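Below is one structure; the comments refer to it alone.
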Amino acid sequence: MTFKDLHHQAAPLLLAAAGGSPDGGRASRQATQALAQKLRSAPFHLSADIEDGYGDDPERVAEYAAGLGVDGVNIEDSTDERLIEPALHAAKIAAIKRTSPDLFVNARIDTYWLGERATVEETLARATAYVAAGADGIFIPGATDPTELHDLVNGIAAPVNTLVHPTLTMAELARLGVRRISTGSLPYRAAMDAAVRAATDVRDGGTPPAATPYPVMQERLLRHQRAERKD
């Protein structure tokens with residue numbers, strides 16, 4: 001699998017929110033597993049975001065990742081909004097690659113995301129350890145300064161993944177050497193905003209917003225259901 005392939009990622013925030021829980025805290029373990037099982041027969045590469053692996057034991061994390069049946073995983077080096085030691089995260093990555101050599105491991109570094117040890121030096125040190133452990137890609141959400149991104153991309157011996165950002169276009173990120181751009185929770189948050197606006201417009205006597213007709217949405221779901229049954 002390469003970074004040119006199409007990836008769809010199961011986002012823990014959406015899954016946790018669907019069950020009434022906030023993001024993080026390992027609340028989405030079972031929901032992620034269930035969604036991966038439903039989607040893994042779809043005609044695209046599927047990457048699952050598994051938070052911190054939902055555990056501290058590298059072998060248990062590797063077993064969980066292998067059981068998802070997906071093409072790749074995104075695993076972050078923080079737990080409960082705090083960075084974990086890079087040696088532990090590297091051990092999780094190594095265990096995953098030993099168990100599932102063909103699984104694409106996107107190692108997420110949360111230094112910038114959490115504003116904790118958010119320096120190029122710390123981030124590069126973590127990235128170096130994760131690549132040595134077998135990570136196929138490095139994800140650095142929250143890094144948005146072009147100079148720092150340039151230094152990070154050029155100092156990491158693996159493709160670098162970032163989040164979309166309103167001050168950086170895809171073309172600019174590409175020029176900096178970024179190989180993968182994620183939307184993260186943006187579509188979910190935008191959808192929630194749109195749902196609230198629609199309800200508010202109706203309440204206040206406004207015109208309901210334009211939307212895909214119900215029969216079209218229903219047909220899409222029916223097509224997906226038929227495809228699942230064939231598999």
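We did not get these values from a lab; they are worked out from the coordinates using the rules stated. From a predicted model like this one, the values you see are computed outputs, not experimental measurements. Heads up, the Cβs are rebuilt from the backbone with ideal geometry, glycines too, and the neighbour counts pull from every protein chain shown.
Rounding to the nearest 10 and keeping the result within 0 to 90°, find how far the Cα-based axis of helix 120-133 lies from the longest principal axis of the chain.
Once rounded, the angle reads 90 degrees.
Would you mind telling me which residue in 70, 160, 202 has the biggest mean-square fluctuation in a Gaussian network model of the chain, where springs connect alpha carbons within a distance under 10 angstrom?
Greatest mean-square fluctuation among the candidates belongs to 202.
Between helix 58-67 and the chain, what is the angle of the helix's C-alpha long axis to the longest principal axis, kept within 0 to 90° and rounded to the nearest 10?
Around 40 degrees separate the two axes.
Size of the dipole of the chain about the Cα centre, Lys and Arg at +1 and Asp and Glu at -1 on the beta carbon, nothing else charged, in debye to 20? All intermediate terms of the calculation are to be shown ahead of the outcome.
Working: 24 positive and 31 negative charges, 209 e Å.
Dipole size: approximately 1000 debye.
At what distance in nm do the modelled label points of residue 191 and residue 227 sit from each other, each positioned 7 Å from its Cα along Cα→Cβ?
Calculated label separation equals 1.6 nm.
Considering the dipole of the chain built from charges on the beta carbon (Lys and Arg +1, Asp and Glu -1) around the Cα centre, which of 140, 41, 188 is farthest to its positive end?
The listed residue farthest towards the positive side: 41.
Give, as a single signed number, the net charge of other residues whose beta carbon lies under 11 Å from the beta carbon of residue 59, with Lys and Arg counted +1 and Asp and Glu -1.
With Lys, Arg at +1 and Asp, Glu at -1, the net is 0.
Report, in degrees rounded to the nearest 10, the 0 to 90 angle that the Cα long axis of helix 214-230 makes with the longest principal axis of the chain.
On a 0 to 90 degree scale, this one is about 50.
Which of 174, 210, 34 moves the most in a Gaussian network model of the chain with Cα springs under 10 Å?
Of the options given, 210 has the highest mean-square fluctuation.
Charges at C-beta only: +1 for Lys and Arg, -1 for Asp and Glu. How large is the resulting dipole of region 167-230 about its Cα centre, in Debye rounded to 20?
Result for region 167-230 is approximately 480 debye, rounded to the nearest 20.
What share of all Cα pairs of the chain, in percent, falls into each consecutive 10 Å distance bin?
The percentages, shortest bin first, are 7, 29, 34, 20, 8, 1.
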